[in-house]
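The values are calculated or read from the model by the stated rules, or taken from the named source; none is laboratory data. Please read all numbers here as calculations on a predicted model, not as lab measurements. Heads up, the Cβs are rebuilt from the backbone with ideal geometry, glycines too, and the neighbour counts pull from every protein chain shown.
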Amino acid sequence: MRPIEKVSQRRLVMIRHAKSSWANPLQSDFDRPLNERGKKEAVEMGEKLKALGLMPDLIICSNAKRTRQTAKRIANVLGYGLENVSYEEKLYHCIPSVFEELLYEVSGKVQTVFVIAHNPGITEFTNQLSAGFNIDNMPTCGIAGVEFEAEEWNTFPVVERKVILFDYPGKES
């Protein structure tokens, strides 16, 4: 007789970086920082996540400057140690399949993952999160979250997922 497998509740929260600065037209896209509005909105969205009780076990973030700055502000609000953020070069302007590839590598001990990345890939991937969920564009500092039952993260593509959150700065309730 085989032991009964314990199925785990998991959550994935996709976050687009906050509003970036275009003040220096000669600056590389990779090195663009957040503007003042972006800094403020990253903190606001961190506070919304905290109020909802969505706390990450793991934050995976593009290593571009604006995503790192977004991660820092959200992590600080949530009390998540910046030393635990996993920075991934391959998230910089990636295609949707890269998000899945990263999830395959997540430990089964991790229940909630936040991924902080860029458009257009984050919008395209978010539109694949659940049947019937479709957005034209993930706004800056937009957040989309799903939950699902799975023993391991590598089953993410085949499990049924339910959207539990879609929010962004300035969204009317």
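For the stretch 126-145, how many residues are assigned to a loop (DSSP other than H, G, I, E, B) and among the small types (Gly, Ala, Ser)?
Qualifying residue count, the stretch 126-145: 4.
Are there any pairs, at least 6 apart or on different chains, whose C-beta atoms fall under 9 Å, with the first in the stretch 128-157 and small (Gly, Ala, Ser) and the second part of a helix (DSSP H, G or I) and surrounded by 15 or more Cβ atoms within 10 Å (Cβ to Cβ), and if so, which?
If the second residue must be part of a helix (DSSP H, G or I) and surrounded by 15 or more Cβ atoms within 10 Å (Cβ to Cβ), the pairs left are GLY142/MET45; GLY142/ILE122; GLY142/THR123; GLY142/THR126; ALA144/ILE122; ALA144/THR126; GLY145/LEU49; ALA150/PHE156.
Out of the stretch 110-133, which residues are small (Gly, Ala, Ser) and either within 11 Å of MET14 (Cβ to Cβ) or surrounded by fewer than 15 Cβ atoms within 10 Å (Cβ to Cβ) (or both)?
Within the stretch 110-133, ALA117, GLY121, ALA131, GLY132 qualify.
Which one is surrounded by the most Cβ atoms within 10 Å (Cβ to Cβ) among residues in the stretch 7-65 that are touching a Pro at 6+ places or on another chain (Cβ under 9 Å), modelled with pLDDT of 95 or more and assigned to a loop (DSSP other than H, G, I, E, B)?
ALA18
Give me a count of the residues in the stretch 68-115 that are among the hydrophobic types (A, V, I, L, M, F, W, C), within 21 Å of LYS50 (Cα to Cα) and either out of contact with any Leu (no Cβ under 8 Å at 6 or more places or on another chain) or assigned to a loop (DSSP other than H, G, I, E, B) (or both).
Number satisfying all stated conditions: 3.
Determine the pairs where a residue that is on the phi < 0 side of the Ramachandran plot, located within the stretch 115-126, has a partner that is part of a helix (DSSP H, G or I) and of a type in the set (S, T, N, Q) with Cβ atoms under 8 Å apart, the partner being 6 or more residues away or on another chain.
Every condition considered, the pairs that remain are ILE116/THR67; ILE116/THR70; ALA117/THR67; HIS118/THR67.
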